[in-house]
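One structure below.
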Amino acid sequence: MTVESSAARKPRRSAAGKAGTTGTKRTTRSTASKSTDPELVQLLTPEGKRVKNAEYDAYVAGITPEELRGLYRDMVLTRRFDAEATALQRQGELGLWASLLGQEAAQIGSGRATREDDYVFPTYREHGVAWCRGVDPTNLLGMFRGVNNGGWDPNSNNFQLYTIVIGSQTLHATGYAMGITKDGADSAVIAYFGDGASSQGDVAESFTFSAVYNAPVVFFCQNNQWAISEPTERQTRVPLYQRAQGFGFPGVRVDGNDVLACLAVTKWALERARAGEGPTLVEAYTYRMGAHTTSDDPTRYRGDEERQAWEAKDPILRLRRYLEASNHADDAFFAELETESEALGKRVREAVRAMPDPDHFAIFENAYADGHALVDEERAQFAAYQASFADEGGH
């Protein structure tokens, strides 16, 4: 196996191409490979070649072929689940879906870096992280089908419910991390958000508090290049990871399509947090291959050339090339995984269609701890409204 060296990270000015998104005009942006950027931590090239990194190699030095196959399996099954969910939405079985297509390495690498006692605060696209935390993928779909308010107990897997309010979970994560410090525990917290959320005031406030209180939290930003239709260069004049400098803690940019690099960098950041060294900002430089959500049409604001350039850096294909070149996986492994993938898709589809409708009166539960007269009045009015349908049916 050929081993190449990579340069040490050095700050630079943003290399993003010029862009414009006026009306429905599609944006033309630079499609040059970011693989050679000096500050981008990379352990696997898009061609599947292992590269050395003096700072982060130690964090994956002991990884076994079995564990590498496990990372590959995680990404393949996560993508299969995501594809099935997208199809279900298109067929009217889900109200909405936020795809993670293209971001599997960032999520699986970082998710597998966490310990069981760490606590995870996601947004609404971290399906791969949920997989790593042991959340049944079918439980992710209840909210998008509109039959529950989340679908899982956060404390069962130390994985919080999905957060729709952009960036607010970083405050929750910071507060939880401050509590960990007061409790004297050695666990850590990881908060996920996107490049769009990095412009939110909640995120800046989280950076301030976590730095001042030296909170054991890792801020994991999946920079997928687009905040819906807004390119990253419309939000910042410097690479996102450099924002951490202004708050007094380290930031690092990692190749978000390299599962090994994401695993290594996140392990390093979590170990810093557990050791009392405070927060870290990890910017996983990746790409959203599909739409922002199933209600979005990305062809209105970005061109095919950009997407095709990133398809060549596909995170799953990258690891497969490495597995094959290293003789760590054979045809039987890939065939068995394909069978497992199809079985997962079938299970997800059947589970969604079998989900019962929610109790119509559940919306009145947990509004107030001790009840409230106004809620009681509204419940009675709603009951009368529901009964009117039965009366009409009787006639």
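The values are calculated or read from the model by the stated rules, or taken from the named source; none is laboratory data. Since we're looking at a predicted model, the values are computed, not measured. Positions of Cβ are backbone-derived with ideal geometry, glycine not excepted, and every protein chain shown enters the neighbour counts. These area figures cover heavy atoms from the full protein model, side chains too; ligands, DNA and RNA do not enter into them. Shrake-Rupley method; radii C 1.70, N 1.55, O 1.52, S 1.80 Å.
Laid out as a table, the results:
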quantity: Whole-Hz couplings from phi, Karplus 6.51/-1.76/1.60, listed for the stretch 236-252; x for Gly and Pro; calculated: 8, 9, 10, x, 4, 4, 6, 4, 4, 4, x, 9, x, 9, x, x, 9
quantity: Kirkwood Rh, Cα atoms: Rg over Rh of the stretch 251-367; calculated: 1.09
quantity: Sulfur and carbon atoms: percent of accessible area, the chain [1.4 Å]; calculated: 50
quantity: Which label in (i) 168; (ii) 242; (iii) 145 gives the computed volume of the Cα convex hull per residue in Å³; calculated: (i)
quantity: Alpha carbon convex hull of the stretch 333-383, projected area averaged over orientations, nm²; calculated: 5.8
quantity: Which of Leu171, Leu88 is most accessible, then next, and so on - probe 1.4 Å; calculated: Leu171, Leu88
quantity: Amide H contacts of Val254 (H built 1.01 Å from N, under 5 Å, at least 5 apart or other chain); calculated: Val41, Glu283, Ala284, Tyr285
quantity: Reciprocal mean inverse distance between Cα atoms of the stretch 88-173 - Kirkwood radius, Å; calculated: 13.4
quantity: Protection-proxy order for peptides 162-170, 285-293, 103-111, each taking the mean of Cβ atoms within 10 Å per residue, highest first; calculated: 103-111, 285-293, 162-170
quantity: Surface accessible to a 1.4 Å probe, per residue, for the residues of the stretch 125-233, Å²; calculated: 36
quantity: Most to least packed among 338-344, 241-247, 368-374 [average Cβ atoms within 10 Å]; calculated: 241-247, 338-344, 368-374
quantity: Peptides ranked, highest mean first, by Cβ atoms within 10 Å: ranges 381-388, 213-220, 306-313; calculated: 213-220, 306-313, 381-388
quantity: Probe 1.4 Å, protein heavy atoms only - accessible area per residue of the stretch 39-123 in square angstrom; calculated: 35
quantity: Length-normalised contact order for the stretch 47-132 - Cα pairs under 8 Å, 6+ apart - percent; calculated: 30
quantity: Three-way shape call for the stretch 210-261 based on the alpha-carbon gyration tensor, with the a/c threshold at 1.5; calculated: oblate
quantity: The stretch 139-291 - Rg and Dmax from Cα coordinates, angstrom; calculated: 15.5, 43
